[in-house]
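This report refers to the structure that appears directly beneath it.
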Amino acid sequence: MKRVNAILTHPLYRKYYRRLEVLERGRIFCRHQMTHLLDVARIAYIRSLEENLKLDKEIIYAAALLHDIGKSLQYEDKIPHETAGEKMASEILNSLPENCAFSESEKERILTAIRGHRKLRDNPELLERLLYESDKASRTCFACPSRTECNWSEDKKNKEIYL
């Protein structure tokens, strides 16, 4: 997990992540902190194994850890976080040390997954679909203390555990 840890310790990742922590402090609804990011990664990896998708674990984790990195720009500048996140993730992935770099095709798969994690398009790439579904499956609406105040439609809320 050398490449994933290089993302976690990257100065831009730390900067964007800390900014998001500040902006979500006191938020009563779903937060986009490490617990959520790792839940998405773990669900995606389990599903990849169960479905025999043969996706690289580090690529799954990289996409999951980066998928909400653009949230701060959504809050502050009203830029959709999948759009901002794709750009921010690209900056991070393109500036990793050489011994921790992802290939161009790996970076493209990660960025495509980040771009598509909010709304599933027709014929999504494998990682894109997996990230989308795992992000949704990670939500614990059934146990959320703020569920009655949430403005998500009832059909979007997870009312039971599923994978």
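Checking each residue of segment 129-140 against the condition of being of a type in the set (A, V, I, L, M), in a helix (DSSP H, G or I), farther than 26 Å from ARG25 by Cα and without any contact (Cβ under 8 Å) to a residue 24 or more places away in the chain gives no match. Selection of segment 112-128 for residues being closer than 13 Å to ILE59 by Cα and out of contact with any Ser or Thr (no Cβ under 8 Å at 6 or more places or on another chain) yields THR112, ALA113, ILE114, LEU126.
Within segment 25-54, the set of residues being outside any helix (DSSP H, G or I), more than 16 Å from the chain's Cα centre (by Cα) and either without any contact (Cβ under 8 Å) to a residue 24 or more places away in the chain or within 20 Å of ARG129 (Cβ to Cβ) (or both) comprises ARG25, GLY26, ARG27, GLU51, ASN52, LEU53, LYS54.
For every residue, the table says whether it meets (1) of a type outside the set (Gly, Ala, Ser); (2) surrounded by fewer than 20 Cβ atoms within 10 Å (Cβ to Cβ).
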| position | (1), (2) |
| --- | --- |
| LYS54 | yes, yes |
| ILE60 | yes, no |
| HIS67 | yes, no |
| LYS71 | yes, no |
| GLN74 | yes, yes |
| LYS78 | yes, yes |
| ALA84 | no, no |
| LEU93 | yes, no |
| CYS100 | yes, yes |
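For segment 130-163, filtering for residues that are modelled with pLDDT of 75 or more, of a type in the set (A, V, I, L, M, F, W, C), in contact with an Asp or Glu (Cβ under 9 Å, 6 or more places away or on another chain) and within 22 Å of HIS67 (Cα to Cα) leaves 2.
Based on what the data block shows, is TYR61 within 18 Å of HIS117 (Cα to Cα), in contact (Cβ under 8 Å) with a residue 24 or more places away in the chain and either in contact with an Asp or Glu (Cβ under 7 Å, 6 or more places away or on another chain) or part of a helix (DSSP H, G or I) (or both)? Criteria met by TYR61. Kindly provide the set of residues from segment 65-86 that are assigned to a helix (DSSP H, G or I) and in contact (Cβ under 8 Å) with a residue 24 or more places away in the chain, ordered by number. LEU65, LEU66, LYS71, SER72, TYR75, GLU76, HIS81, GLU82, THR83, GLY85, GLU86 - these are the residues of segment 65-86 that are assigned to a helix (DSSP H, G or I) and in contact (Cβ under 8 Å) with a residue 24 or more places away in the chain. For segment 108-120, check the following and say yes or no: at least one residue is surrounded by fewer than 17 Cβ atoms within 10 Å (Cβ to Cβ), at pLDDT below 95 and more than 12 Å from the chain's Cα centre (by Cα). So far as segment 108-120 goes, yes, one or more of its residues are surrounded by fewer than 17 Cβ atoms within 10 Å (Cβ to Cβ), at pLDDT below 95 and more than 12 Å from the chain's Cα centre (by Cα).
What number of residues within segment 87-107 are assigned to a helix (DSSP H, G or I) and touching an Asp or Glu at 6+ places or on another chain (Cβ under 9 Å)?
Initially, segment 87-107 is screened for residues assigned to a helix (DSSP H, G or I), giving 87-94, 98-100, 104-107.
Applying the additional criterion that residues be touching an Asp or Glu at 6+ places or on another chain (Cβ under 9 Å) yields 93, 106.
Here the count works out to 2.
The values are calculated or read from the model by the stated rules, or taken from the named source; none is laboratory data. On a predicted model such as this, the values are computed, not experimentally measured, just so you know. Cβ sites come from the backbone with ideal geometry, for glycine too, and all protein chains shown count toward neighbours.
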